[in-house]
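Visitor: The following block contains the structure, expressed as structure tokens.
The values are calculated or read from the model by the stated rules, or taken from the named source; none is laboratory data. As the structure is a prediction and not an experimental result, all values here were calculated from the model. Reconstructed Cβ throughout: ideal geometry from the backbone, glycine too, with neighbour counts over all protein chains shown.
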12 protein chains.
Amino acid sequence: MSGIYKKIEVVGTSPTSFAEAVKIAVKEASKTVRHMSWFEVVEQRGAIKDGAVSEFQVTVRIGFKLEG
Amino acid sequence: MSGIYKKIEVVGTSPTSFAEAVKIAVKEASKTVRHMSWFEVVEQRGAIKDGAVSEFQVTVRIGFKLEG
Amino acid sequence: MSGIYKKIEVVGTSPTSFAEAVKIAVKEASKTVRHMSWFEVVEQRGAIKDGAVSEFQVTVRIGFKLEG
Amino acid sequence: MSGIYKKIEVVGTSPTSFAEAVKIAVKEASKTVRHMSWFEVVEQRGAIKDGAVSEFQVTVRIGFKLEG
Amino acid sequence: MSGIYKKIEVVGTSPTSFAEAVKIAVKEASKTVRHMSWFEVVEQRGAIKDGAVSEFQVTVRIGFKLEG
Amino acid sequence: MSGIYKKIEVVGTSPTSFAEAVKIAVKEASKTVRHMSWFEVVEQRGAIKDGAVSEFQVTVRIGFKLEG
Amino acid sequence: MSGIYKKIEVVGTSPTSFAEAVKIAVKEASKTVRHMSWFEVVEQRGAIKDGAVSEFQVTVRIGFKLEG
Amino acid sequence: MSGIYKKIEVVGTSPTSFAEAVKIAVKEASKTVRHMSWFEVVEQRGAIKDGAVSEFQVTVRIGFKLEG
Amino acid sequence: MSGIYKKIEVVGTSPTSFAEAVKIAVKEASKTVRHMSWFEVVEQRGAIKDGAVSEFQVTVRIGFKLEG
Amino acid sequence: MSGIYKKIEVVGTSPTSFAEAVKIAVKEASKTVRHMSWFEVVEQRGAIKDGAVSEFQVTVRIGFKLEG
Amino acid sequence: MSGIYKKIEVVGTSPTSFAEAVKIAVKEASKTVRHMSWFEVVEQRGAIKDGAVSEFQVTVRIGFKLEG
Amino acid sequence: MSGIYKKIEVVGTSPTSFAEAVKIAVKEASKTVRHMSWFEVVEQRGAIKDGAVSEFQVTVRIGFKLEG
């Protein structure tokens, strides 16, 4: 990959699935971070309401290239 | 969150996806446990049959409020 | 389960979801490995392109029975 | 210690400190569980409100002797 | 394995060996839990008396099927 | 919790206790970060001077909501 | 130890003990692998039947020298 | 920090709090160890008596400089 | 347990079993250490010779009371 | 150390060694971050090209003092 | 990265440094494995002889693409 | 390896590299410990001064044979 990268941790939430929560987290991060290159799943949790899963929460570490 | 909570570990299974297995685990737990508030994914495994995934298995830790 | 098993690590990739990446990894492994019995998710990562998730990558440990 | 023990996971909360949250968790568990013998701290988290810590949350695993 | 499972943590003790402590833990659990299917070793400790091992203690997580 | 969150790691220090170090870390972070929601204790260390504890150091991961 | 080594993961099973399961795993591996030098215990699990341990399962990582 | 350091593990106990248990462990270690520089919390447990916490136990790793 | 404890790490070896290796480690430690109270298994490895297990190696952390 | 610190995660790359990759990561971070005090190695990976290591990649967590 | 990858674990040894041990492990693996793409450091150990380091040992997990 | 071994934790520091820090730690330990046989890297950290790495710090666990 060469170059210097920074990693940040973002939590995405979705009522549907873990994959969806990851997509939302990355999409949101793209508003302020450029040159994102990869993500690593750090934690998978969720909320329960009235006896059913109401939300999937995924913490991802996102790596992006620092502009030299 | 305030109050006292208990955590139990439940394993849900689904032929479709990890998210589905979590939903099934929580739904089943709701039959005997009230006031469930959140879940944490602890382990993701699965069964293989005839060279293909036949089942997704997810262990979730479920937190629920103890009624004072 | 009785008998002796071996575990190998395979990484599957999918543009859609983690579950799909697992299915692809197992399907591919089935071309050269027989008697596969279970898998364990070891790592979940992915690639990002143009500010959006372009690929889900899942490392699975696959257990299969050694033929005595 | 000899004998058979069971472990359960309880989350205590306190506005003051981690030690206080542990005490509250054990005190509450004592209402329904007898012969408790030890606890292990599993996780320490908390809530933030208006830029200040509003609650300490400690997950403890409590071991208690099963009555033969 | 299909179906829903619950996991509980039990500590067995034995003056002889770790395997014996596991057997005792499972045997004791069978008095109140039905449909037990597998166990996972979580921790291995023990007591020392007069400069010699006096007791092996094994914490096992036991998985059992919930009756639908 | 719904929405997107970011996590940052801050180290607080206190001559008194771990809880105090957490409070100081959060208080300081509040000067530049808004919408903080929860913290997770990551590491607990400290300094020793003249044979006595001179400082408690706690690393906390703080989660805060990103303003859409 | 000097030289280059490879590690493989094998699961041995035994109705008697963990040590026995390790011996069986290594013995079986010796049929196809030469120059085995050491093993590391990675996981200890087992099966339960009719309320009693029916099988000990040990995953070992086996290191063996690659023939230059 | 420069120089060579050694780390030892000490368990301190206190009826009051985790911070107090750490202070006691360090204070006691200071009777035989010189040039102690820092500590790392490794484990937090405790004893329960009559349904209430009777003792906080903290294992700390203490680093001290070796006198050249 | 009250009082101050120290932990040391010892590796015991046995041609027979893990339990035997633990017993040997504790027995040997008793020659120079007094007031030993408990042990924790940290690592289980072993040597292989001529395609068979030749030695079980267990690393145990031993806790003993410091004489005030 | 007293005061409040923040930790960030940076990945440095070098064709030569892990130490070199760390130096480059820190050097680069110094362009935008002041008062850096220490680093912790979190992960060591690398790229392979044409059957040989082409790049060492080290993820370091860098701690720096927040200016009060 | 797209496609399916397999991971193997190799231990390289060098009298000089960890980086050198990694290079040797990869170089040796290249004799029998094609399409190697990345490595992950899993463990760093070494041998001591006559009071000095005589060998650095690094376990690396190597990922390589499976030829479809 | 047969026999009984003890493990101690030592931190070595070097302005040059991690490998150098390990060598220095072992060399220093050799002044008071005999029959050292192997080391395991436990932690890799370092100090930063004026925006550049000023010191590599490696914690190694050193195993040495107890003289029977």
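Visitor: Could you say which residue among F:VAL22, F:VAL42, F:VAL26 is farther than 28 Å from A:SER14 by Cα and either in a loop (DSSP other than H, G, I, E, B) or at pLDDT 95 or above (or both)?
Guide: Unique residue meeting the criteria: F:VAL22.
Visitor: Also, I was wondering about something else. Test F:GLU20 against the stated conditions and say whether it is within 8 Å of another protein chain (Cβ to nearest Cβ) and within 18 Å of J:SER2 (Cα to Cα).
Guide: Judged against the criteria, F:GLU20 is not a match.
Visitor: Please go through region D:17-27 and give me each residue that is buried (at least 17 other Cβ atoms within 10 Å of the Cβ) and farther than 20 Å from F:GLU40 by Cβ, ordered by number.
Guide: Result: D:LYS23, D:VAL26.
Visitor: Tell me yes or no: at least one residue of region D:39-53 is under 28 Å from I:TRP38 (Cα atoms) and free of Cβ contacts under 8 Å to residues at least 12 places away in the same chain.
Guide: no
Visitor: Are any residues in region E:18-35 under 23 Å from G:GLU20 (Cα atoms), hydrophobic (A, V, I, L, M, F, W, C) and without any contact (Cβ under 8 Å) to a residue 40 or more places away in the chain, and if so, which ones?
Guide: If the condition is that a residue be under 23 Å from G:GLU20 (Cα atoms), hydrophobic (A, V, I, L, M, F, W, C) and without any contact (Cβ under 8 Å) to a residue 40 or more places away in the chain, then E:ALA19, E:ALA21, E:VAL22, E:ILE24, E:ALA25, E:VAL26 are the ones that fit.
Visitor: What is the residue count in region D:35-68 for residues that are within 10 Å of chain F (Cβ to nearest Cβ) and under 23 Å from H:GLU43 (Cβ atoms)?
Guide: 8
Visitor: Looking only at region E:45-68, which residues are in a strand (DSSP E or B) and within 17 Å of B:VAL11 (Cα to Cα)?
Guide: Of everything in region E:45-68, those that are in a strand (DSSP E or B) and within 17 Å of B:VAL11 (Cα to Cα) turn out to be E:VAL60, E:ARG61, E:ILE62, E:GLY63, E:PHE64, E:LYS65.
For (1) surrounded by 17 or more Cβ atoms within 10 Å (Cβ to Cβ); (2) within 9 Å of the chain's Cα centre (by Cα); (3) not aromatic (Phe, Trp, Tyr), each residue gets a yes or a no:
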site: K:ILE4; (1), (2), (3): yes, no, yes
site: K:LYS7; (1), (2), (3): yes, no, yes
site: K:GLY12; (1), (2), (3): yes, yes, yes
site: K:PRO15; (1), (2), (3): no, no, yes
site: K:ALA29; (1), (2), (3): yes, yes, yes
site: K:GLU40; (1), (2), (3): yes, yes, yes
site: K:GLU43; (1), (2), (3): no, no, yes
site: K:LYS49; (1), (2), (3): no, no, yes
site: K:VAL60; (1), (2), (3): yes, yes, yes
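Visitor: Could you grab the pairs with beta carbons closer than 6 Å, sequence gap of 6+ or different chains, first residue in region E:1-17 and in a loop (DSSP other than H, G, I, E, B), second one of a type in the set (Val, Ile, Thr)?
Guide: Correct list of pairs: E:SER2/B:THR13.
Visitor: So how many residues does region D:13-48 have that are over 12 Å from D:ILE62 (Cα atoms) and of a type in the set (Gly, Ala, Ser)?
Guide: 6
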